[in-house]
Structure formats: structure tokens, C-alpha cells
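What follows is a short report on a single structure.
Derivation of every value follows stated rules applied to the coordinates shown; laboratory data play no part. Quick caveat: nothing in here was measured; it's all calculated off a predicted structure. Cβ placement follows ideal geometry from the backbone for every residue including glycine, while neighbour counts extend to all protein chains displayed.
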Amino acid sequence: MGGIREGILKVEQSVFQYLLKWVLFLIMGTMTAVVLLGVLFRYVLVAPLPWSEELARYLMVWGASLGASVAFREGSHIAVTMLVDKLHGFSGKIILRVTQIIVFIFMAIVMVEGFILAVKVSSQESPAMEISMTWPYLSIPIGCLFIVFEIPLMMFFRRPQVREEKKESL
């Protein structure tokens, strides 16, 4: 029965990650198009778009926040692994678990505080696009939410990626 649950979880995770990567692709493509349009209208047509810089900035923040969760899942973030590399086997796994717990707590705090802040700024409007500032501010807690969901999956359903001691041959 556990195998079936793990299989379903893998399918859900891969579908979610696939969709998230497509969302990131669309965000980056839209951001690129908006910046190009902003430059074209400002310098070629001499009729600047008042919203282009603001939209590009908000798309960048959303892309970075959602991209952080993808990078976390793939282990692509910069990490200082000197201690984990020195400790092999069980000790390295313990250090890895402690690190994951610390990251989980930090991301949970940032997520909760981010949602609180997003609600507080709901009455403010962005200067150029005149949308609620909740939308740009939601990017950080949602990115943290994805990481908070990912950590238990890493801890309980995936094997930790700790290097075993290398045997050198001459």
C-alpha cells in the first residue's frame, strides 16, 4: 500500500513541478516582452508606457520567488557543504536533517509574516498599474509555502543526498 501512495505522490510532484516550470517560463517570457516593449516605446516611439517597468519588476519578483522553490527541490541553491562533506554516512545525514528543519522553520516564519504583510498592504495600490499591492507582496509567502511543502517530502520520501566516503584509487 505504501508503494502506491509513494507512486501517486511522485506523479503529483512531477505534474506540479512541470506546471510550475511552465508558469516560470511564461513569467520570464512576459517579463522579457514587457521590457522590450518598454524600451521600444520609450526610445523609438518616444511615448513611454507608464506601466512597463512596474510590471517587469513584479514579474521578476514572482519569478525569483517561484524559481527559488524549484531550485530548492532540485538542490540548485548555493550551499556551504564543507561540514556535510567532512562527515560521511550517518553523521552527514543528521547534519542534513538539522539543516532541513532549520530551513523549514525559517521558511514557515517568512511565509506567515509575508501573508500578514500582504493583507496589511491590501488597501495600497501600485503607482502605475493601480493594482492592489497584495499581488506583488504575495510572491514571497507563496514561494516560501512551496518550499515548506517540499521539505517534509524531502525528509520522509526521498533519500538524503549525502556523499559517501570516496575511495581513491592509484
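Residue by residue, the stretch 54-65 carries 3J(HN,Hα) couplings of 5, 5, 4, 5, 5, 5, 5, 5, 5, x, 5, 5 Hz when phi is fed to the Karplus relation 6.51 cos²θ - 1.76 cosθ + 1.60 (θ = phi - 60°); x denotes Gly or Pro.
Between V44 and T30, the modelled label-to-label distance comes to 2.3 nm, taking each label 7 Å out from Cα in the direction of the beta carbon. The relative contact order of the stretch 2-157, computed from alpha carbon pairs under 8 Å that lie at least 6 residues apart in sequence, is 24 percent.
As a test of the formula, what do you get for the chain when each DSSP H run with n ≥ 4 contributes -39,500 (n - 2.57) and the sum is divided by the residue count, at 222 nm and rounded to the nearest 500 deg cm²/dmol? Estimated from H runs of four or more residues: -24500 deg cm²/dmol. Near P141: Cβ cut-off under 15 Å, other residues only, Lys/Arg at +1 and Asp/Glu at -1. The net charge is -1. Report the gain in length on full extension from F90 to A71: 0.36 nm times residue separation, minus Cα-Cα distance, nm rounded to one decimal. Here the segment from F90 to A71 would lengthen by 4.3 nm.
What spacing in nm lies between the two simple spin-label points modelled at I142 and L117, each 7 Å away from Cα in the Cβ direction? Placing both labels 7 Å along Cα→Cβ, they lie 1.6 nm apart.
Helix 90-120 and the longest principal axis of the C-alpha atoms of the chain enclose an angle of approximately 20°.
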